[in-house]
Amino acid sequence: MNLSSVIAQKMVFGGSCLAKIDNKNVFIPFAVPGEKLEIEITKSYRDYDEARIVNVLEPSPKRVTPACPLYQKCGGCNLMHIDYEFQTELKKQILAELMDRAGVAIPQIQTVTGSPLGYRSRFQLHDGGMEGRGTNDVIPIDACPVAVPEVNEWLKSEPMQSRPRGRGFLFGHKNADPSLSLALEKERGKEQKAYKKMSAKEKKKRGKKYIKPRFEGISQDEQCPVQIELCGKKIFFDAQGFFQSNIEVLQKAIPLITQGLFGKNALDLYSGAGTFSVFLADIFQNVVMVEHNRGALVFAEQNMAGKTHESYGISGADFVKKNVQGLIGRIGGFDAAVVDPPRSGMEKEALDWLCQSGIPVIKYLSCNPSTQARDIQKLCQSGYVVDKICLLDFYPQTSHLETLLTCIKK
């Protein structure tokens with residue numbers, strides 16, 4: 001075993017700490033900045049290496065005993081060895097560096113936090129357990145320190161051998177009805193699965209011989225629809241689809257998203273099930289939702305029933321290319337936009353349009369500050385400035401970062 005002694009330097013995006021060996025970058029998971037470590041290189045690349053800790057020679061005073069006996073085995077948490085307050089400081093440093101590297105000027109970062117343990121409502125199960133770190137192995141689990149009580153009650157009462165096989169989505173919360181839902185991913189028909197594997201050329205050649213379902217991915221399983229109360233409003237969503245796992249922080253974030261917004265028309269781009277649109281509808285005369293996942297839009301329509309709105313079940317890029325010009329000609333311009341794209345960030349067409357749209361206020365929520373920094377850089381180059389920036393700590397004990405930026409037109 002070839003061992004080296006190093007000092008862990010700053011933490012980088014993803015949760016590893018950086019060190020140097022012969023002027024080459026080494027990334028070390030489960031380290032704390034400032035620690036002296038004995039490490040072994042596990043993977044070597046041309047520009048950097050990856051390593052594992054063999055011994056912590058001089059531990060940081062911020063190192064703590066993990067609350068979970070499966071820590072480092074389960075593929076979930078990766079910062080549970082660090083004092084929680086210091087976790088948020090490290091995340092702020094990472095966020096500030098990402099923005100600085102993109103040339104984006106930001107004010108002081110605000111932090112929105114909740115309970116560091118017992119917060120997580122949504123789990124993705126694999127054959128009834130959790131996936132192992134870096135493997136497809138199933139880790140049996142009968143309790144999780146970051147899970148809400150409703151989830152832990154199910155894990156304790158349901159033996160591994162009697163849990164459903166395959167991939168399942170478990171959602172539980174005291175504000176939800178039902179308070180616990182387990183939705184299993186359904187096997188789709190052979191014809192549909194074969195169609196999804198075809199190339200674009202093959203699909204075009206086949207033409208109308210195969211009709212895709214109108215709302216692909218929506219299950220009629222009675223276990224899938226969930227209703228939850230957020231800030232006094234009832235929101236419906238599909239347990240198989242995405243929904244925020246940290247309800248406490250989400251309820252703190254919603255007022256920040258709507259804060260300072262006013263006018264006639266609001267755009268909710270990448271609206272999902274319309275969670276934010278429901279609250280925007282209290283402020284604006286008309287809300288326009290754009291969401292490519294038409295299954296999520298089914299729930300958005302249910303959530304927006306009785307409220308003046310329009311919805312487009314297409315991508316942001318197609319909305320810009322096909323609909324936005326005619327829409328603005330009919331209803332007028334947008335007074336505000338809320339943008340919540342996937343990890344890949346905004347589509348180029350949507351971002352380009354947003355840059356020249358002249359919308360006075362844009363609230364940009366992101367689960368990937370790396371792609372967010374790229375997009376914000378372009379917005380700033382087109383005349384916007386970052387007025388506020390919030391770190392929303394939806395996932396304590398992990399390196400996952402979610403951020404909310406308020407951009408205003410100069």
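The values are calculated or read from the model by the stated rules, or taken from the named source; none is laboratory data. Remember, predicted model here, so these are calculated numbers, not experimental data. Ideal geometry is used to build each Cβ from the backbone, glycine not excepted, and the neighbour counts take in all protein chains shown. SASA here: full protein model, heavy atoms, side chains in, ligands and nucleic acids out. Shrake-Rupley method; radii C 1.70, N 1.55, O 1.52, S 1.80 Å.
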To the nearest 10 degrees, how steep is helix 247-258 against the longest Cα principal axis of the chain, on a 0 to 90 scale? 50
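With all protein chains present, how much of the accessible area of the chain (probe radius 1.4 Å) comes from carbon and sulfur, to the nearest whole percent?
Values: 9750 of 19760 Å².
Carbon-and-sulfur percentage of accessible area, whole number: 49.
Please compute the contact order of the chain in relative form: average sequence separation of alpha-carbon pairs under 8 Å and at least six residues apart, divided by the residue count, as a percent. The partial results should precede the final answer.
Working: 817 pairs, mean separation 58.0, N = 410.
For the chain, the relative contact order is 14 percent.
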Under the Karplus curve 6.51 cos²θ - 1.76 cosθ + 1.60, θ = phi - 60°, whole-Hz ³J(HN,Hα) for segment 224-233, x wherever Gly or Pro sits: 7, x, 10, 10, 9, 8, 10, 6, x, 10
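Can you compute the helix-only [θ] at 222 nm over the chain? Use -39500 (n - 2.57) per DSSP H run of at least 4 residues, normalise by all residues, nearest 500 deg cm²/dmol. Mind showing how you got there, number by number?
Values: 10 runs with 101 residues, N = 410.
The helix-only estimate for the chain comes to -7500 deg cm²/dmol at 222 nm.
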Based on Cα coordinates alone, diagonalise the gyration tensor for segment 286-410, multiply each eigenvalue by 5, take square roots, and list the semi-axes in whole Å, largest first. 24, 20, 13
If you work out log10 I(q)/I(0) by the Debye sum over Cα atoms at q = 0.08, 0.11, 0.12, 0.15 Å⁻¹ from the coordinates, which of (i) -0.48, -0.86, -1.00, -1.46; (ii) -0.50, -0.95, -1.12, -1.48; (iii) -0.43, -0.85, -1.03, -1.61 do you get? (ii)
Measure nothing but the geometry: give the 0 to 90° angle between the long axis through the Cα atoms of 348-357 and the longest principal axis through the Cα atoms of the chain, rounded to 10°. 60
Can you work out ³J(HN,Hα) from phi for every residue in segment 397-410, in order, using Karplus 6.51 cos²θ - 1.76 cosθ + 1.60 and θ = phi - 60°, giving whole Hz and x for Gly and Pro? 6, 10, 8, 5, 10, 10, 9, 10, 10, 9, 10, 10, 7, 6
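Give me the net charge of ILE109's neighbourhood, meaning all other residues with Cβ under 14 Å from the Cβ of ILE109; Lys, Arg count +1, Asp, Glu -1.
-3
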Once all protein chains are kept in place, ARG330 shows an accessible area at probe 1.4 Å, nearest 10 Å², of 140
Whole-Hz couplings from phi, Karplus 6.51/-1.76/1.60, listed for segment 317-329; x for Gly and Pro: 5, 5, 4, 5, 6, 10, 10, 5, 5, x, 5, 5, x
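Assuming 0.36 nm per residue, please report the length gained on full extension of the stretch GLN251 to GLN302 beyond their Cα-Cα distance. Working shown, then result.
Details: separation 51, 0.36 × 51 = 18.36 nm, distance 2.02 nm.
Gain on stretching GLN251 to GLN302: 16.3 nm.
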Once LEU117 and SER5 are pulled to full extension, the length gained, defined as 0.36 nm per residue separation minus their Cα-Cα distance, is 37.0 nm
Just to confirm, what accessible area per residue do you get for the chain at 1.4 Å probe, in whole Å²? 48
Can you tell me what share of the DSSP beta bridges in the chain is antiparallel? A percent to the nearest 5 is fine. 70
Sum of side-chain charges, MET346 neighbourhood, beta-carbon under 11 Å (Lys, Arg +1; Asp, Glu -1): -2
In the neighborhood of TYR384, defined by Cβ-to-Cβ distances under 13 Å, what is the net charge if each Lys or Arg adds +1 and each Asp or Glu adds -1? +3
If you fit an axis through the alpha-carbon atoms of helix 369-381 and take the longest principal axis of the Cα set of the chain, what angle between them do you get, 0 to 90°, nearest 10? 50
